[in-house]
Each structure stands twice: as C-alpha cells, then as structure tokens.
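Visitor: Sending over a structure as structure tokens; questions will come in a sec.
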Amino acid sequence: MPSESNIASLVASRAKTHPDLDVLTFEDNAAEETRTYLQLWQNGQRVADALARSGMRRGDRFALLMQNHPEFVEAMVASAILGTVFVPIDPRTKGDKLSFLLRDAGCQGVICGDYALDNLLECADSVPSLRWVFCLGEVAARAGTLAVRSLAEVTRQAQVPDLPIAVECDRDPMQILYTSGTTGDPKGIVIRYARFAFVSKQGELVLGYRANDRPYTGLSLTHGNAQFITLAPSLYMGLRAVISRKFTKSRLWQIARRYGCTTFSLLGGMFTAIYGEAPRPDDADNPVRFVISAGMPKALWQDFARRFDVQIFEFYAAVEGGMLVNPNGEGPVGSCGRVIPGLIAKIVDDDGRELGPNMPGEIWFRPSDGSPAAVEYFNDPDASMRKTDGGWLHSGDVVIMDEQGWVYYQYRKGGGIRHNGDFINPALLEKIIAEHPEVTDVSVFGVPASSGAPGEMDIVAAVVPVAMNRFNPQDVFVWCREHVEGNTVPSFIQVVEELPKTASEKVQPRFLRQMFEARTVPIHRELSTASS
C-alpha cells in the first residue's frame with residue numbers, strides 16, 4: 001500500500017529518514033521520556049510480536065486503558081503492523097461502564113496502566129472475550145484464567161522483530177472511539193486509517209502549524225482531540241510534540257516555557273479553569289504563539305488572549321465528522337468558524353427545514369461532492385442510520401450562522417438553560433465566577449425550576465474553592481450581583497472538591513446534577529432570598 005498511509009507505515013518511513021528525531025516527549029512532573037521515530041518503530045514491532053504471540057490476528061480488538069505514556073503510541077503502531085483494532089478507554093473508567101465497553105467492543109485483551117489494573121481485574125469475569133493483559137511496570141498477577149504480564153519486559157528486549165505491516169488499505173478500521181454516553185450507553189465510533197491519515201496532513205493546511213512549532217497537549221490520547229490535533233500532525237510533520245501524562249492547569253505555562261512549546265489545544269471548560277488561576281506578572285512571558293481552542297467562551301476570548309499574549313484559533317469538530325475553523329485573527333470573536341473546504345453545512349429546525357441567516361437551529365454536514373455523510377457506530381447500524389438520515393450528518397448542536405457563513409455555537413440540543421423566560425449563557429457566568437479570588441474552577445448548569453414552570457430551570461454554579469476551610473459561598477452571590485444581571489445570578493452555589501470531568505477534561509454536568517439532587521455536597525442559596 002502507499003507509503004505513510006497509516007501510522008505504522010508513517011513511523012517506519014520516518015525511522016529511515018529521521019531515525020534520531022525526538023518526535024515525542026512525554027512529561028510527568030519531574031519525569032520525562034522521549035521517543036524517536038526509530039524507537040517508536042522498534043518498540044511497535046516488539047509489542048506487535050507480543051500481541052501476535054497472545055493470539056491476536058487481523059481484525060481482532062484490544063483496549064488501551066492508560067494515561068498518556070509512550071507505550072500508548074507504540075501500541076497504536078503495533079496495532080497497524082498486525083491489522084488489529086485498538087479501543088482507547090479513559091483509565092479512570094471502572095465497574096459496569098468498563099465491563100460494558102470491553103464487552104461491546106469484544107476486546108480480547110487490554111494494555112493498561114498499573115493504576116488501572118485493579119479496576120480491570122474486578123470486572124474481568126464479566127467480559128468473556130478477555131484472554132490477556134499487558135500492564136505497564138513490573139507486575140505478575142492472575143485473575144482466574146486471565147494472565148497479566150509486564151509490557152516493560154516486552155519493550156526492553158534486545159531483539160527487534162521484522163513483521164510486515166498487515167493493513168491492506170486505508171479503509172481498514174484503525175480504532176473504536178466511544179462517546180461519553182451522556183444520554184445512554186456509549187456508542188463506539190469506528191475510525192478508519194484514512195481518517196487518521198487525513199488529519200495528519202491538516203497540521204499546516206488547516207491548523208496553521210509551522211515547521212518550527214512545538215505543539216503541547218495534556219488531553220488524553222483516549223480522546224480524538226489529542227490524537228487528531230496534536231499527535232497525528234506532529235508525527236507527519238516531525239514537530240517534536242510534548243505530551244503530559246495528564247492535564248494540569250497549574251503547570252500549563254511552566255511546561256510551555258520549559259520545552260518552548262508554541263501552541264497547545266484545549267477544550268472549552270478548561271479555559272475557565274486556567275483563567276481562574278491567580279494572575280501572575282509573567283503571564284504573558286511565554287513562548288506560545290497561538291492556542292487551538294474548541295469552545296473558547298466569547299466572554300473570555302479577548303481577556304484570555306490579552307492576559308497571556310496569545311492568538312486564538314477557534315474550531316468546532318466532532319469525532320463523527322463535521323468541522324468549522326476560525327483561524328487566528330480571521331473571523332469574529334465568539335465564532336467557532338466557517339465550514340472547511342470539502343464540506344457543506346446547513347442550519348435546520350426540528351423538522352429538518354433549512355433556516356435563514358441568524359436563526360438558531362441544528363447544524364448538519366455532508367461532503368461537498370454530493371456523496372452522503374457516513375458514520376459507523378460499532379454493532380449499531382440503526383444509530384448509524386439515524387445519525388446520517390437523508391445523507392446529512394446530524395450534529396445535535398444548536399448554532400447560529402450569519403450572512404457570511406460564520407457560525408456561533410449556542411448549546412447542545414436539550415442543554416440550554418432557560419431562567420425566568422431568558423436563555424442564560426453559562427460561559428459568561430462561569431467567566432465571572434472564575435474571576436473571584438477564592439474560586440479555582442466552576443461549572444454552571446441547570447436543574448428543573450423549583451417553581452415547577454414548564455421548561456424553566458434554576459441556575460446552579462458548581463464551585464471548587466481555593467481553600468475549602470475559608471470559603472464563603474455568600475461572597476460569590478455578592479460577586480455575581482456586582483458583575484451580572486439579576487436574572488443571571490445563580491439560584492444555588494454547589495461546593496465541590498473537584499469537577500467531574502471526562503478524559504478530555506470536559507465537565508460532566510450529569511454527575512453534578514446527581515450530587516445536587518442527592519444533596520451529597522453542600523448546596524447554598526443566597527441569604528437575601530432564602531436560608532442556606
């Protein structure tokens with residue numbers, strides 16, 4: 001097959017032309033590991049050989065249950081060598097959800113971090129297809145008939161196998177990426193090698209990466225953003241990417257300065273948390289040229305750019321497809337972009353009728369060549385057909401498109417907050433609360449109004465204090481009344497030690513709602529309107 005058409009052939013090619021380039025650096029506080037193209041290729045071969053000896057064959061599936069380690073990428077290379085399919089899973093997943101994902105994908109094995117091993121072994125008996133586990137570190141364990149072996153013993157072997165690359169065409173399945181499952185069981189999206197090859201070439205064409213850029217990410221490689229925005233273009237362009245074991249807002253700028261990172265990618269809720277950090281006199285003293293943002297709140301956009309002296313490259317994309325971009329300085333502040341070449345988009349009402357400019361509706365996508373949109377959910381053809389009914393990809397996101405084609409994201413269908421007849425902008429309120437000196441993180445969501453009015457919601461601000469022992473929620477109410485309109489002031493302040501987040505650092509409001517409904521964390525009302 002053509003050279004560099006999948007991750008294994010790409011790494012193999014670069015291992016010959018640039019064998020010693022440290023293309024990936026993995027950092028974890030003081031710890032650091034680098035991987036050259038040659039090391040990725042040789043370790044990929046070793047892992048592929050070990051998987052083959054465990055019985056893995058073309059088309060078989062296995063899970064990657066780990067944080068951002070070099071072994072994650074080496075396993076991606078190994079999978080392409082064998083023609084197997086890998087299934088990335090957030091390593092924090094456990095219990096019934098972990099069992100469901102492993103069973104649904106039919107995983108025959110798991111490569112996991114040692115910190116995820118106990119959770120895996122607890123559910124192993126409920127996954128009949130499981131045969132083997134390779135674990136990072138030095139381990140030796142057995143759960144029934146399930147042998148657990150050390151991956152380190154595999155990658156430190158002196159001998160390098162010479163297995164051929166089994167992927168035969170770029171339409172072969174590469175991985176199954178599961179949705180978060182916010183409205184039901186997660187659905188597995190089949191990602192083919194053609195998709196990874198395509199995004200790897202968009203670093204310069206679409207994202208604006210330059211040859212001397214050094215991208216950074218702390219987002220999980222189990223999520224499409226880290227793979228498609230950072231890893232794939234960096235491997236293709238040789239950009240010497242830096243990848244943190246896991247995201248940490250407090251060390252973001254320190255990491256950028258240490259490694260000379262010129263760009264990084266974050267998701268919407270993360271910007272509020274970063275902006276909520278106490279200002280420092282050296283905030284603007286950093287090497288970052290631009291930030292690739294998926295969901296920068298309009299209310300925060302210019303203040304964030306000015307404080308840290310960066311440009312904002314805003315974009316919208318979903319793993320199923322569809323993409324909008326607002327490159328540095330090109331589009332209006334607050335717009336998530338215009339549709340990229342090769343796609344067309346339209347805005348429709350609830351009955352699928354196309355709407356005119358400046359009218360809120362769901363955005364649909366399809367290829368501009370007239371072919372129908374295609375999405376494949378693993379083992380769920382009915383869901384696949386519903387997602388692309390009529391040849392259009394139904395995003396489920398409500399937006400507004402202006403006369404020039406610039407799109408402004410509004411909310412996920414079913415996710416708006418209507419309070420006293422007005423639709424509330426959670427991002428604006430989050431920005432204001434994040435600026436309070438005693439708040440380190442915040443998420444705003446809605447709950448059914450205590451008034452019982454149909455469609456109405458009360459506003460809840462889930463707040464992570466800087467110091468729990470000195471936090472006074474009434475100060476936040478006062479702060480909000482000084483900075484926002486009265487109808488936007490939260491109905492409740494919910495105090496939590498941390499916000500529940502996905503592997504991509506996206507806040508999960510459903511868990512906050514569960515805490516709110518069960519009153520398992522402190523809930524406060526404004527003293528002027530009710531007793532706390």
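The values are calculated or read from the model by the stated rules, or taken from the named source; none is laboratory data. Worth saying up front: this structure is predicted, and the values here are computed from it rather than measured. Here the Cβ is made from the backbone with ideal geometry for all residues, glycine too, and neighbour counts use every protein chain on show. These accessible areas exclude ligands, DNA and RNA; they are computed on the full protein's heavy atoms, side chains included. Shrake-Rupley method; radii C 1.70, N 1.55, O 1.52, S 1.80 Å.
Visitor: Around residue 345, with a cut-off of 9 angstrom between Cβ atoms, what is the net charge of the other residues, counting Lys and Arg +1 and Asp and Glu -1? Can you show the working numbers first?
Guide: Details: positive: 338, 346, 366; negative: none.
Combined, the nearby Lys, Arg, Asp and Glu give +3.
Visitor: Once you order the gyration tensor axes a ≥ b ≥ c over the Cα atoms, which shape class does the range 195-338 get: rounded for a/c under 1.5, otherwise prolate or oblate by comparing a/b with b/c? Write down the numbers at each step before the final one.
Guide: Details: a/c = 1.55, a/b = 1.21, b/c = 1.29.
Note, shape of the range 195-338 comes out oblate.
Visitor: How many angstrom separate the Cα center of the range 265-339 from the Cα center of the range 1-50?
Guide: The distance from the Cα centre of the range 265-339 to that of the range 1-50 comes to 30 Å.
Visitor: Follow-up question, since we're still on this one. Residue 443: accessible area at probe 1.4 Å, nearest 10 Å²?
Guide: Rounded to the nearest 10, the figure is 10 Å².
Visitor: Send over a whole-number figure in Å² for the accessible area per residue of the range 298-357, probe 1.4 Å. Write down the numbers at each step before the final one.
Guide: Working: 2740 Å² over 60 residues.
Accessible surface, normalised per residue, equals 46 Å².
Visitor: Also: Over what distance in Å are the Cα centres of the range 216-260 and the range 502-520 separated?
Guide: Centre-to-centre distance over Cα atoms comes out at 26 Å.
Visitor: Something else about it: Tally Lys and Arg at +1 and Asp and Glu at -1 over the other residues with C-beta under 12 Å from the C-beta of residue 270: what net charge comes out? Before the final figure, lay out the partial values.
Guide: Working: positive: 249, 501, 506; negative: 277, 430, 441, 505.
Cβ neighbours under 12 Å give a net charge of -1.
Visitor: May I pose another question? May I ask what percent, to the nearest 5, of DSSP beta bridges between residues of the chain are antiparallel? Please list the in-between numbers first.
Guide: Values: 52 of 90 bridges.
Once the DSSP bridges in the chain are tallied, antiparallel ones form about 60 percent.
Visitor: In whole Å, what are the extents of the range 1-152 along the principal axes defined by its C-alpha atoms, from largest to smallest?
Guide: Principal axes ranked by extent give 46, 40, 24 Å for the Cα atoms.
Visitor: Still on this structure, I have one more. When a/c is below 1.5 the answer is rounded, else prolate if a/b is larger than b/c, else oblate, so apply that to the chain with a ≥ b ≥ c taken from the square roots of the Cα gyration tensor eigenvalues. Write down the numbers at each step before the final one.
Guide: Values: a/c = 1.55, a/b = 1.46, b/c = 1.06.
In terms of gyration-tensor shape, prolate.
Visitor: How do 526, 482, 435, 32 rank by accessible surface area computed with a 1.4 Å probe, from largest to smallest?
Guide: Details: 526 20, 482 130, 435 60, 32 95 Å².
So the residues, ranked largest to smallest area, are 482, 32, 435, 526.
Visitor: For the range 349-459, would you read off the P(r) tail past 17 Å as a percentage of all alpha carbon pairs?
Guide: Details: 4151 of 6105 pairs.
Pairs farther apart than 17 Å: 68 percent.
Visitor: Using amide H atoms built 1.01 Å from N in the peptide plane, name the residues 5+ places from residue 410, or on other chains, whose amide H lies under 5 Å from its own.
Guide: Under 5 Å from the amide H of residue 410: 398, 399, 400.
Visitor: Just subtract the alpha-carbon distance of residue 418 and residue 349 from 0.36 nm times their residue separation and send over the number in nm, one decimal. Kindly include the intermediate steps, with their values, before the conclusion.
Guide: Details: separation 69, 0.36 × 69 = 24.84 nm, distance 1.87 nm.
The residue 418-residue 349 span can extend by a further 23.0 nm.
Visitor: For the range 36-66, run through the trypsin sites (Lys or Arg not before Pro) and keep only the ones in DSSP coil with at most 14 other Cβ atoms within 10 Å of their Cβ.
Guide: Here the trypsin sites (Lys or Arg not before Pro) that fit, given the DSSP loop and packing criteria, are 57, 58.
Visitor: Would you mind checking 387/506; 346/387; 97/501; 187/246 for any pair whose Cα atoms are more than 18 angstrom apart?
Guide: Values: 387/506 22 Å; 346/387 15 Å; 97/501 15 Å; 187/246 24 Å.
The pairs that break the limit, which is 18 Å between Cα atoms, are 387/506; 187/246.
Visitor: Please list, in chain and number order, the residues 5+ apart from residue 311 or on another chain whose amide H is under 5 Å from its amide H, with Hs placed from the backbone.
Guide: Those lying under 5 Å, H to H, from residue 311 are 290, 291.
Visitor: Given H placed on each backbone N at 1.01 Å, which residues far from residue 110 in sequence or on other chains put an amide H within less than 5 Å of it?
Guide: Those qualifying (amide H under 5 Å, at least 5 residues apart or on another chain) are 63, 132, 133, 134.
Visitor: What is the local net charge at residue 21, summed over the other residues whose Cβ is closer than 14 Å to its Cβ (Lys, Arg +1; Asp, Glu -1)?
Guide: Details: positive: 14, 16, 35, 214, 240; negative: 20, 22.
Cβ neighbours under 14 Å give a net charge of +3.
Visitor: Take the alpha carbon atoms of the range 333-386, find their radius of gyration, then divide it by 2.2 N^0.38 Å using N residues; give the quotient.
Guide: On the way: Rg = 13.5 Å, N = 54, 2.2 N^0.38 = 10.0 Å.
My calculation over the Cα atoms of the range 333-386 gives 1.35.
Visitor: If we sort 510-518, 472-480 on the protection proxy, mean other Cβ atoms within 10 Å, highest first, what's the order? Provide the component values of the computation, followed by the final result.
Guide: On the way: 510-518: 14.7, 472-480: 18.4.
Per-residue mean Cβ counts within 10 Å order the peptides as 472-480, 510-518.
Visitor: Express the carbon and sulfur contribution to the solvent-accessible surface of the chain as a percent, rounded to the nearest whole number, probe 1.4 angstrom. Don't skip to the answer; put the middle values down first.
Guide: Details: 11020 of 22650 Å².
That share works out to 49 percent.
Visitor: To one decimal place, what Kirkwood hydrodynamic radius in Å is obtained for the range 459-498 from all pairs of distinct Cα atoms?
Guide: On the way: mean 1/r = 0.0945 Å⁻¹.
Averaging 1/r across every pair of different Cα atoms and inverting gives 10.6 Å.
Visitor: Please work out how much accessible surface residue 180 shows to a 1.4 Å probe, ignoring ligands, DNA and RNA, in Å² rounded to 10.
Guide: 50
Visitor: I would also like to ask the following. Considering only C-alpha atoms, what is the centroid distance from the range 456-476 to the range 197-214, in Å?
Guide: Using only Cα atoms to place each centre, the spacing works out to 41 Å.
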